[in-house]
Amino acid sequence: MMELLNGTNLFHLIRRSLNFVDERLVGHGEQVAYIVLKLLEEDGGYDIKQRCSIVFTALLHDIGAYKTEEIDNMIRFETKDVWEHSIYGYLFVKYLSPLSQYAPAILYHHMDFVDLPQYACDNENRKLAQVINLADRAALCLELGSGNQILEVLNEYRAAKFSPEVLNLLEKTLKNGKLFVGTNPEKQTEALENLFHQWTDERKNEQFLQMLVFAIDFRSRFTVAHTFATAAISMKLARNFGIKGTVLQKVKYGAFLHDLGKVGIPLDILESTEKLSDSDMALMRSHILLSEDIISGQIDEEIALIALRHHEKMDGSGYPKGLCGKDLTIPQRIVAIADIVSALNGERSYKKPFPPEKVKAILRELSDSGKICPKVTSAMLEHFDEIIGEVNRGSKELYDLYHKMEDEYERIYLQYLGKV
């Protein structure tokens with residue numbers, strides 16, 4: 001099967017997606033990732049696969065801030081309470097990414113060196129937590145205009161905050177001229193692209209794609225449950241049409257990416273319990289254009305069209321381009337119907353799941369009025385109970401995971417407050 005995603009694509013999909021939430025954190029995350037890369041190269045103890053994984057982790061080191069009110073504070077040199085976003089980031093990487101082995105490094109990436117030994121953390125993650133912590137502080141020094149004074153600014157922390165090992169790494173990296181002192185975004189991006197171009201782990205590519213979907217959930221749980229249900233329904237329907245191999249994988253990827261642009265939609269609209277105003281509805285519909293901005297040039301064209309055409313209708317009444325049935329392929333029609341079924345069957349901020357008979361009735365009405373494909377609709381209705389049963393089981397597993405994460409968050413946070 002041909003490779004549909006590579007490390008460079010994933011890098012740009014991640015940075016573009018998160019950029020729609022807050023571009024400041026993306027720029028900071030990229031700079032930290034670049035500094036970590038240079039420190040790892042100087043260290044010499046990591047192979048290319050390990051470097052890619054660790055640098056991806058560094059790129060996401062502040063992912064937890066998307067879940068908190070800390071974004072404004074994150075651009076300062078110090079934050080008042082670093083634990084909240086560190087814990088959220090730890091849980092995200094541990095449960096929702098292919099980088100779980102490095103999750104402790106995210107949890108402890110603001111912890112002082114002198115405090116690290118008292119916590120349960122293996123030596124590798126203890127070191128990587130320090131590497132990310134140091135890179136984080138070095139990046140903030142640059143952002144605050146310290147430039148060539150990085151070491152002078154950090155030296156006051158030598159005894160307590162940072163280990164001699166990682167400070168020596170930074171000193172050698174600077175001495176050898178391997179770090180572009182004074183931010184140079186173009187060179188940093190190029191260096192990261194060159195690194196991730198060597199990423200060849202096809203098994204993890206799909207896991208990274210799923211991670212992007214989970215990144216949306218950090219803002220709206222209903223959205224991510226909907227996306228995974230849409231993908232599951234799409235795969236079932238596609239198999240009923242004899243679709244397999246690379247084309248089946250394209251359907252799956254297209255379904256995963258179909259609502260990616262919602263990462264840039266305000267949360268009060270995503271989670272609204274009221275009928276949206278015309279202006280808010282227009283903004284909600286713009287998620288297709290945001291998705292296009294994110295995936296353009298970074299994904300196979302057929303996958304992109306599957307993702308971007310899920311709101312088009314057979315009679316031309318859909319959006320954003322008002323396409324007709326002759327313009328829509330079977331995979332595109334499948335994901336469009338899977339999206340509708342998932343929305344009707346699932347819980348949203350404004351509604352409970354519709355009963356099966358109501359979902360079926362709506363599908364028949366849409367098909368009879370010429371809005372959705374009658375062949376795909378027929379297949380959906382024929383296998384409805386089987387497909388929805390599997391989807392509901394998957395959704396329950398997903399919600400159970402989030403409850404587990406919520407419980408673990410409370411336990412860890414209380415631990416650091418000294419209450420347990």
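General remarks:
- Calculated FRET value between residue 50 and residue 301, using beta carbons and R₀ = 35 Å, to 0.05: 0.60
- When you restrict to C-alpha pairs under 8 Å that are six or more residues apart and normalise by the size of the chain, the relative contact order lands at 17 percent.
- Extension gain for residue 343-residue 151 works out to 63.8 nm (0.36 nm per residue, less the C-alpha to C-alpha distance).
- Cα-projected label distance for residue 178 with residue 112, points at 7 Å along beta-carbon direction, nm: 3.0 nm
- Residue of 330, 294, 63 that the Gaussian network model of the chain assigns the largest fluctuation, springs spanning Cα pairs under 10 Å: 330
- Rh (Kirkwood; distinct C-alpha pairs) - the chain, Å: 22.8 Å
- Under the simplified labelling scheme, the residue 324-residue 406 pair shows an inter-label distance of 4.9 nm, with each label point 7 Å from Cα along Cα→Cβ.
- Taking every DSSP helix (H) stretch of at least 4 residues in the chain, weighting each as -39,500 (n - 2.57) and dividing the sum by the residue count yields a mean residue ellipticity at 222 nm of -20000 deg cm²/dmol.
- Taking 166, 131, 93 as the candidate residues, the one with maximal mean-square fluctuation in a Gaussian network model of the chain, Cα springs under 10 Å, is 166.
- Building the convex hull from the alpha-carbon atoms of the stretch 283-420 and averaging its projection over directions returns 11.6 nm².
- Net charge over other residues, Cβ less than 13 angstrom from the Cβ of residue 314 (K, R count +1; D, E count -1): +2
Read the figures in this text as sums done on the coordinates, not as results from a lab. Owing to the predicted nature of the structure, the values given are computational and were not obtained by experimental measurement. Positions of Cβ are backbone-derived with ideal geometry, glycine not excepted, and every protein chain shown enters the neighbour counts.
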